[in-house]
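Heads up, the thing below is written out as structure tokens.
The values are calculated or read from the model by the stated rules, or taken from the named source; none is laboratory data. In this text, all values refer to a predicted model and were calculated from it rather than measured experimentally. Cβ coordinates were reconstructed from backbone atoms using ideal geometry, including for glycine residues, and neighbour counts include every protein chain displayed. The accessibility values were calculated without ligands, DNA or RNA, using every heavy atom of the protein model including side chains. Shrake-Rupley method; radii C 1.70, N 1.55, O 1.52, S 1.80 Å.
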Amino acid sequence: MGSQDPTEEPLPSQECNLAALCDMAKELPLAEEQGEHSQPLTKGYGDTTHVDLFSLVTENAKDQGSVVSLMGEEYIIPPNTAFLLSDFTRIRPLVDYGRRFDLIVMDPPWENKSVKRSRRYSFLPSTQLKRLPIPLLACPNCLVVTWVTNRSSHLRFICDELYPHWGVQVVAQWFWVKVTTSGQFVFPLDSPHKKPYEVLVLGRYRCSPENTRSLETSEVPVEDQRLIVSVPSALHSQKPSLTDVLKPYVGSEPTCLELFARSLLPGWTSWGNEVLKFQHASYFTVTRTDDGDGSTGILSSPEDVGDARL
């Protein structure tokens, strides 16, 4: 995947109406009320009219990508992926899904003046984050990772209020340093406004003193003040994947969840009211394949939209 200087004019993005669709879907009955909590994608391409994306966790358990059609738009679903397209009012199917996670990563839509002016995405007051059912989603000693803006009040809120509210103990703070393709900071380090880095707060979910003591003995300590350096994606607010860099702290085959996601990762479960935003087919080169059993699979690769690798 190629690189692009993030200070250059960004690539045009696909108009996203997923959040509005989630609002409309609130009027529909929840499929879980009928005893269902998830649904499979059984075919690769086109046969997706039965999929209720707004009230059930949707799974692609195949080893190849698939496609879902929604309001005339097509979205690429990576292999071995599960997702729920909803907002806070419809997050219950994720809890009832029955899966508990070793790693939970979230990139909340923090409230700030820039977001209000740009209207690129809706923001959420900090206190509303306490409504997230982390204790119902986390395994004992789950690693909880939160992206936070450089606003000091947001950082204090996570460390002093949000994590303690969930029973999560802060163990480290990391920094994502954003550079151009020539290795320069994307903004001056001493800039009084935008900074060339973002902060991640890492914590462990401590469900009970007994479980904590028994698991801490085999727990890999998380390094503090670690730096992640990469060229950011040309897509607005797209974060680098943390799968590989967090693997030493969560095991080789962890169950992983991303909250407030706007794209999907193979092997992960994802939730958000724009969870398919960057899975739109316009961002991919799609090749249909014959699986040999009469079904159709999808091989896809992202278009050249910037390097977000670690």
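Quick look at the numbers
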| quantity | calculated |
| --- | --- |
| Yes/no for Leu129 being closer than 30 Å to Pro164 by Cα, open to solvent by less than 10 Å² (accessible area, probe 1.4 Å), assigned by the TED database to the domain that holds Thr243 and modelled with pLDDT under 95 | yes |
| In the stretch 99-117, the residues that are over 14 Å from Asn273 (Cα atoms) and modelled with pLDDT of 90 or more | Arg99, Arg100, Phe101, Asp102, Leu103, Ile104, Val105 |
| Of the criteria (1) of a type outside the set (D, E, K, R); (2) assigned to a helix (DSSP H, G or I); (3) in contact with a Cys (Cβ under 8 Å, 6 or more places away or on another chain), which one Pro93 fails | (3) |
| Tally of residues being assigned to a strand (DSSP E or B) and either open to solvent by 20 Å² or more (accessible area, probe 1.4 Å) or among the basic types (Lys, Arg) (or both) across the stretch 270-285 | 2 |
| Residue tally, condition open to solvent by 30 Å² or more (accessible area, probe 1.4 Å) and either touching a strand residue (DSSP E or B) at 6+ places or on another chain (Cβ under 9 Å) or β-branched (Val, Ile, Thr) (or both), over the stretch 89-113 | 9 |
